[in-house]
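The values are calculated or read from the model by the stated rules, or taken from the named source; none is laboratory data. Source: prediction; values computed, not measured. So basically every Cβ, Gly included, is an ideal-geometry build from the backbone, and we count neighbours across all protein chains shown. Areas reflect the complete protein model, heavy atoms only, side chains present, ligands, DNA and RNA absent. Shrake-Rupley method; radii C 1.70, N 1.55, O 1.52, S 1.80 Å.
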Amino acid sequence: MRITAAYEGVVPISSAIRNAWIDFTSMDCSVLALVSDVIRDGKPVVGYGFNSNGRYSAGEILRRRILPRLLDASPGSLLDESGSLDPARAWQLMMRNEKPGGHGERSVAVGVVDMALFDLAAKIAGQPLYRYLSDRYGDGDPDESVFVYAAGGYYAPGKGLRDLQDEMRGFLDQGYRVVKMKIGGAPLAEDLQRIEAVLQVLGGDGSRLAVDVNGRFDLPTALEYGRAIEPYGLFWYEEVGDPLDYRLNATLAEHYRGPLATGENLFSLPDTRNLIRYGGLRPDRDVIQVDPALSYGLVEYLRIQDMLREHGWSSRRCIPHGGHQFSLHIAAALKLGGNESYPGEFQPTGGFADDAVVRDSAVRLSDEPGIGLEGKQAFYEVLRQLHA
Ligand code: MG
């Protein structure tokens, strides 16, 4: 098996929404098709990847460094002993001549290719990705469904409390029990009004509401908000300070008794290990949100899982950021705690298969070979055009 061509492109995933740090009016996303010389039903098997959301496209790094290394490699160097495509070997080739540290855009570029390689490998094996992964990296008995929560509650021009409540009601109508909203982009008093408006929709049950600061607060503000929201008993208080400010996180964990969640802007094993070493997170309640697609792909995410296990953490404490199908398969195969979901946002790349049904905040996986992006019609059309 060899990779005969790589087609890379960019799609806009823009929208008018805003969190405490950024708006998404110019958000875009790298997409990739890796064409193999394996023929099924008269056509070459193609693996697809993209870079989740929240970080911009990484085409320059893909074109200048990562993809040439992959395509220039001798075909045998991408294969394991049995002659099958091995994304872990491909990963070593892609990262040749890259110094450690400085993760960010590079981890996004490698993550796009890693996703396409796993899609390709699972398709060649004739398995849906969660089965492929469970057989090779899990216990062979994947979860049949995955917990998902609806992430929304963004700030948007002209969006009032009534609109926010309608949005949350819409999530409940779609089968979600747990919802998330943004905070930290308005004064505390206004955010508390927004939280209480959403709690009304949830019958006053704070354990079904997560709030997300997107890294905006300094320590005094983190503690002030923490004191104000602790009585609600929220599902979690997310990414409260700068993602790399481990001491802030540790101090907050000493004061805020409810669950904390963070990690969507940590892009490597060393960064995540530092969070575990120095971030004061509590393995009995807190949640790690590293997004495999943004952080060097699943090959690195497997290393992160090993590290977490060594530190006494259950894989169930991981609920990746991103709301995409790649992490949905990973969550089922590695028995994570769940996966994020953004109903209706970040189209065409975001979300699950068109026929995926959310019931009681859980979704089942499709049995299409690979990730199953072919089951997401509008996105598949974009991917197919890459190599048409
Ligand atoms: Mg977040």
Within the set ILE330, ILE17, ILE319, GNM on the chain using Cα springs under 10 Å gives the largest fluctuation to ILE17
Listed residues VAL240, VAL108, VAL11; largest mean-square fluctuation, Gaussian network over the chain with Cα springs below 10 Å, found at VAL11
Within the set TRP313, TRP236, TRP21, GNM on the chain using Cα springs under 10 Å gives the largest fluctuation to TRP21
In whole percent, the fraction of accessible protein surface over the chain that belongs to carbon or sulfur atoms, probe radius 1.4 Å, stands at 47 percent
Expressed as a whole-number percentage, the relative contact order of region 3-126 with C-alpha contacts under 8 angstrom and at least six residues apart is 28 percent
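Pairs of Cα atoms under 8 Å, at least six residues apart: use those to get the relative contact order of the chain, whole percent.
Over the chain, the number comes to 20 percent.
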Heavy-atom accessible area with a 1.4 angstrom probe orders SER207, SER134, most exposed first, as SER207, SER134
Counting only residues 5 or more apart in sequence or on a different chain, those whose built amide H sits under 5 Å from that of ALA261 are TYR237, GLU238, GLU239, VAL287
Using a 1.4 Å probe on heavy atoms of the protein chains only, the accessible area for SER82 in Å², nearest 10, reads 90 Å²
Checking rank on 60-70, 362-372, with mean other Cβ inside 10 Å and highest first, the result is 362-372, 60-70
Rg/Rh over Cα atoms for region 3-126, Kirkwood Rh, comes to 1.02
The distance between the Cα centres of region 221-262 and region 126-148, in whole Å, is 33 Å
Accessible-area order for SER77, SER107, largest to smallest, probe 1.4 angstrom, reads SER77, SER107
Here the convex hull volume per residue of the chain, taken over Cα atoms and given in Å³, is 128 Å³
Region 159-258 accessible area per residue, 1.4 Å probe, protein heavy atoms, integer Å², reads 44 Å²
accessible surface per residue for region 3-126, probe 1.4 Å, DNA/RNA/ligands not counted, whole Å² -> 42 Å²
DSSP beta bridges in region 136-386: the antiparallel percent, rounded to 5, is 20 percent
Protection proxy (average C-beta count within 10 Å per residue), highest first, orders 30-43, 335-348, 109-122 as 109-122, 335-348, 30-43
Mean Cβ-within-10 Å packing, highest first, puts peptides 94-105, 241-252, 160-171 in the order 241-252, 160-171, 94-105
Computed over the chain: longest principal axis from alpha-carbon atoms vs helix 377-386 long axis, angle to nearest 10 degrees, is 40 degrees
In vacuo Debye sum over C-alpha of region 258-388, base-10 log of normalised intensity I(q)/I(0) at q = 0.11, 0.22 Å⁻¹, listed in q order, is -0.41, -1.31
Computed over the chain: longest principal axis from alpha-carbon atoms vs helix 219-229 long axis, angle to nearest 10 degrees, is 70 degrees
At the level of C-alpha centres, the distance separating region 7-42 and region 309-385, in angstrom, is 15 Å
Expressed in nanometres to one decimal, the distance between label points 7 Å along Cα→Cβ at ARG169 and VAL10 is 4.0 nm
So, relative contact order of region 220-379 in percent, Cα under 8 Å, 6 or more apart, is 15 percent
Subtracting the Cα-Cα distance of LYS99 and ASP284 from 0.36 nm times their residue separation yields 63.1 nm
With +1 on the Cβ of every Lys and Arg and -1 on the Cβ of every Asp and Glu, the dipole magnitude of the chain about its Cα centre, in debye rounded to the nearest 20, is 480 debye
